[in-house]
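The values are calculated or read from the model by the stated rules, or taken from the named source; none is laboratory data. Values in this document were obtained by computation on a predicted structure and should not be read as measured data. Here the Cβ positions follow ideal geometry from the backbone for every residue, glycine too, while neighbour counts run over all protein chains shown. The accessibility values were calculated without ligands, DNA or RNA, using every heavy atom of the protein model including side chains. Shrake-Rupley method; radii C 1.70, N 1.55, O 1.52, S 1.80 Å.
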Amino acid sequence: MTVFRELPTADATERLGHEIALVARPGTTILLEGELGAGKTTLARAIIRSLSGGTNIEVPSPTFTLVQTYEGGRMPVAHADLYRLGDGSDVGELGLADLARTHLLLIEWPDRLASPLTDDILTVRLEGTGTVRSAQLRGAGSWKHALDRLEAISHFLPQAGFATAERSFFEGDASFRRYERLNRDGQSYVLMDMAARPDGPPVKHGKPYSAIAHLAEDIRAVLAVNAYLELLGYSAPHTYAYDTARGLAVIEDLGSRVYGRMMLAGEDMSEPMAMAVLLLADMAERQWPNQVPIPGGGMHGVPPYDIEALTIETELLLDWYWPFLTGRDAPREVRETFTEAWSEFLPLTQPENRVWALRDFHSPNLLWLPEREGLRRAGLIDTQDCVLGHPAYDVAAMLRDARVDVPFDVAEDLLDYYCAAREQNPSFDSKEFSRAFALLSVQRATKILGIFARLSRRDGKHGYIRHMPRVSRYLEHDLAHPDLARLRDWYDRHLPANLRASAA
């Protein structure tokens, strides 16, 4: 893909650098081409300053140092100017190959390179001199998709009334979604960038994992689910503008009081956690539809959290966590006994009266809104993978949080609080619910260990490894439930706690 941009002013060049920085990733390369005075260093400075979080940071030209690194920003950056190398025979001595694995590389005069340092390359060809310039951008590897998203956003924002909004990086996650903050006239909004999910390879019955596990395919899912939750009076983000074909939307900014950050900061979480528990109890008493309107037209189907979906999630343990621990694939006998053990218990996760389970009801996706009233004080985001399932699932997701510690005594008190809130319903069985809570906690921990191993082994996102011991402790604790003895026997035999501890 090739994109052309006119750069009539120096400010326009700096804005382009800021846009590029919003989608940049470490381990990728930006090649800056153009004659002397074309603006390569100006663009590089804009990218570096944007990633460093400030316009005042000094960004000297690396003409004489050849390579200048920046470590303190959103990602490490290495800025190289190869002009003085002539034929490029000394490039190998600069250490760029090592930096390419961990840094975003910005390279001026890339014709001195004998071969590319990464597969993910954005080439920016600058033409003109002075302040009137143009840029030709070509993407390869992951930059091809990133460039496509930049172009889509550049068309969407003016149509949505946000052409003059100040854009800043908000966050990305482990998925294919990306977010920016937009500031327009002093008001903050969130740009959701959620292109349609590409189908993965078929893994079972000719279907990809995402289809079997009922993962959202595109932005229509989150817009539909949020709209219905908002209609019921819950604090899901309001949608201000959208383009479902491009996978873009401007939604409400619920602020920065994220439960996970509050917990890590040592704040008193008793009221926020209690409110989230009451919200789940309230949701459990409602009748939930299996399809809801999509803004702009059409219906979004909310699938059942069926045994097939729960099963393929548990199998992530064997597909990814087992090789992560042992260095080899799980033997056939291990797989067969694993399937047999789980097949006995998964029918217990299929209640007669299903409720919406958001599946990611945990600290990164809960926001505290104390200025609001009642249940609206607990804000909800990342709702797109909503399914019709057991009400215990989201309670387990919250009280067995994979990213922050929820002490078992605190979780037990909150579980009692939840049960007390529902005991007015004569059909509520606290014993059955507690068993389902333990079982779904084990299922979720099993799945997450596989996901975190996959993120590390396949995607190079090794930071998730640090959460594995916490998830393993949750797994051990809930396997102790007396009704889960056969399941516990499988883990004790094949993945005992001492083996799992070696992952740390």
Nearby lysines by direct alpha-carbon distance to K207 (threshold 22 angstrom, same-chain neighbours under 8 apart not counted): K447
Under a cut-off of 14 Å between alpha-carbon atoms, report the aspartates and glutamates in cross-link reach of K461, not counting same-chain residues fewer than 8 places apart. D173
Taking the DSSP beta bridges in region 68-108 as the whole, what percent of them are antiparallel, to the nearest 5? 40 percent
Give me the distance between the Cα centres of region 299-324 and region 435-450, rounded to whole Å. 11 Å
Indicate the gyration tensor shape class of region 390-504 (rounded, prolate or oblate), computed on the Cα atoms with a ≥ b ≥ c the square roots of the eigenvalues: a/c under 1.5 is rounded; otherwise a/b larger than b/c is prolate and the rest oblate. prolate
Reported to the nearest 10 Å², R328 has, with a 1.4 Å probe, an accessible area equal to 130 Å²
Percent relative contact order of region 1-158, based on C-alpha pairs within less than 8 angstrom and at least six residues apart? 34 percent
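Looking at region 1-101, which chymotrypsin sites (Phe, Trp or Tyr not before Pro) are DSSP coil and have at most 16 other C-beta atoms within 10 Å of their C-beta? Kindly include the intermediate steps, with their values, before the conclusion.
Numbers: sites: F4, F64, Y70, Y83; in loops: F64.
Those satisfying the criteria are F64.
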How much area per residue is accessible in the chain when the probe is 1.4 Å and only protein heavy atoms are counted (Å²)? 44 Å²
Evaluate the relative contact order of region 159-274 (contact order divided by residue number), counting alpha-carbon pairs under 8 angstrom at least 6 apart; express in whole percent. 19 percent
Accessible-area composition of the chain, carbon plus sulfur, in percent [1.4 Å probe]: 50 percent
Descending principal axes extents, region 1-110, alpha-carbon based, whole Å: 36, 31, 30
Only sites in a loop by DSSP and with at most 15 other Cβ atoms within 10 Å count here; which trypsin sites (Lys or Arg not before Pro) in region 384-477 make the cut? R458, K461
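Under 8 Å for C-alpha pairs, at least 6 residues apart: give me the relative contact order for the chain, rounded to a whole percent.
With pairs under 8 Å counted, the relative contact order is 11 percent.
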Rounded to the nearest 20 Debye, what is the dipole magnitude of the chain about its Cα centre when Lys and Arg each give +1 and Asp and Glu each give -1 at the C-beta? 640 debye
Only sites in a loop by DSSP and with at most 15 other Cβ atoms within 10 Å count here; which GluC sites (Glu not before Pro) in region 384-456 make the cut? E423
Rounded to one decimal in nm, the spacing of the 7 Å Cα→Cβ label points at E412 and E35 is 7.7 nm
Compute the distribution of all C-alpha to C-alpha distances in region 85-202, in bins of 10 Å from 0, and list the percent of pairs in each, rounded to whole numbers. 10, 29, 32, 21, 7, 0
Local net charge near E180, Cβ-Cβ under 13 Å (Lys/Arg +1, Asp/Glu -1): +2
For the pair V67/D98, report the inter-label distance in nm, with labels modelled 7 Å from Cα in the Cβ direction. 0.8 nm
Would you tally the net charge around Y393, using a Cβ to Cβ cut-off of less than 9 Å, leaving Y393 out, and scoring K and R as +1, D and E as -1? +1
Matching label for the computed mean projected area of the Cα convex hull in nm², out of (1) 21.6; (2) 28.8; (3) 25.6, is (3)
Per the 1/(1 + (r/R0)^6) rule, R0 = 60 Å and r from the Cβ atoms of A114 and D268, FRET efficiency to 0.05 is 0.55
